[in-house]
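In what follows, a structure is listed as structure tokens, so that the remarks can point back to it.
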Amino acid sequence: MDNSIDPNCQKIASAIARQLEDAIVLHGRASLVVCGGSSPLGVFAWLAQADINWAAVTITLADDRQVAADSPHSNIRLVRENLLIDKAAKAEFMPLCDVPADKLMPFDVVLLGMGPDGHIASLFPDMMDNADAFSLRAPPQILSLGAKGDPLLARISMNLSMLTNCHALLLLVKGAHKKALIQEVRAEAAAAPQRYPVGILLAQSKKTVQLCYLD
């Protein structure tokens, strides 16, 4: 294992592995929703070596860019190259566009990251008034979005109602800037309306968010 990887990644990966193993024992199957980007890569490195029954685990994505699966901008490619390796190669991977929401939910674990602008999955600040995206009263669904983010590409994303339909919800917060943003959001917890998508995530009462800090 690369010694440069933040040691907190091992703790986070171990916690996810325990949650998945518990689900397999109880139900015979487990489901894991993961984010893209650079934040989860250290967690993926440890998780891929976890000694669990990966053949009983279904992995999918919280969001993706609408590009070819072999594109360097594809979260499918990122997961295949960084998570679906070693022991985790036995897991079933399901692209987000193929997820049968009614059958996989509630997810056992949802692992999210956060952008420097406070976006989660592909739910961006310019969507704050989109009830389908952020209202917990909206049905869980996968949204097709226009070109957003950096790189500026069309995207698909689970809405907040779907992301929070889970047993464990973890948010990776990597680096000083994002940590400061979380502190700002938490200090303004009583503010309405929220200014950032991550603020809506942390303010909702449907599912407790476990904050996981990385250097």
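The values are calculated or read from the model by the stated rules, or taken from the named source; none is laboratory data. No experiment lies behind these values; they were computed from the predicted model shown. FYI the Cβ positions are ideal-geometry reconstructions off the backbone, even for glycines, and counts take in every protein chain you see.
For region 166-215, a residue qualifies if it is hydroxyl-bearing (S, T, Y) and under 16 Å from C35 (Cβ atoms), and exactly one does: Y213. The combined condition, being of a type outside the set (D, E), surrounded by 21 or more Cβ atoms within 10 Å (Cβ to Cβ) and under 29 Å from A154 (Cβ atoms), is fulfilled by V34.
From the residues in region 124-140 that are closer than 18 Å to C166 by Cα and in contact with a helix residue (DSSP H, G or I) (Cβ under 6 Å, 6 or more places away or on another chain), which one is surrounded by the most Cβ atoms within 10 Å (Cβ to Cβ)? Within region 124-140, the match that is surrounded by the most Cβ atoms within 10 Å (Cβ to Cβ) is A133.
Matching residues to (1) of a type in the set (F, W, Y); (2) modelled with pLDDT under 95; (3) under 26 Å from H177 (Cα atoms); (4) under 14 Å from the mean Cα position of the chain (by Cα):
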residue: A30; (1), (2), (3), (4): no, no, no, no
residue: C35; (1), (2), (3), (4): no, no, yes, yes
residue: P40; (1), (2), (3), (4): no, no, yes, yes
residue: W54; (1), (2), (3), (4): yes, no, no, no
residue: A68; (1), (2), (3), (4): no, no, no, no
residue: I76; (1), (2), (3), (4): no, no, no, yes
residue: N82; (1), (2), (3), (4): no, no, yes, no
residue: A88; (1), (2), (3), (4): no, no, no, no
residue: G113; (1), (2), (3), (4): no, no, yes, yes
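Residue count for region 145-162 under the criterion of being out of contact with any Leu (no Cβ under 7 Å at 6 or more places or on another chain) and in contact (Cβ under 8 Å) with a residue 24 or more places away in the chain: the result is 6.
How many of the residues in region 197-215 are closer than 16 Å to I120 by Cα and either at pLDDT below 90 or more than 17 Å from the chain's Cα centre (by Cα) (or both)? Don't jump to the end; show me each part of the working.
Keep residues of region 197-215 that are closer than 16 Å to I120 by Cα, which gives 197-204, 207-213.
Right, trim to either at pLDDT below 90 or more than 17 Å from the chain's Cα centre (by Cα) (or both) and you get 203.
So the count comes out to 1.
Checking each residue in region 48-83 for being farther than 16 Å from S31 by Cβ, touching a Lys or Arg at 6+ places or on another chain (Cβ under 7 Å), among the hydrophobic types (A, V, I, L, M, F, W, C) and outside any loop (DSSP other than H, G, I, E, B) picks out no residue at all.
The residue of region 81-111 that is surrounded by the fewest Cβ atoms within 10 Å (Cβ to Cβ), among those that are in contact with a Phe, Trp or Tyr (Cβ under 8 Å, 6 or more places away or on another chain) and of a type in the set (A, V, I, L, M, F, W, C), is A89.
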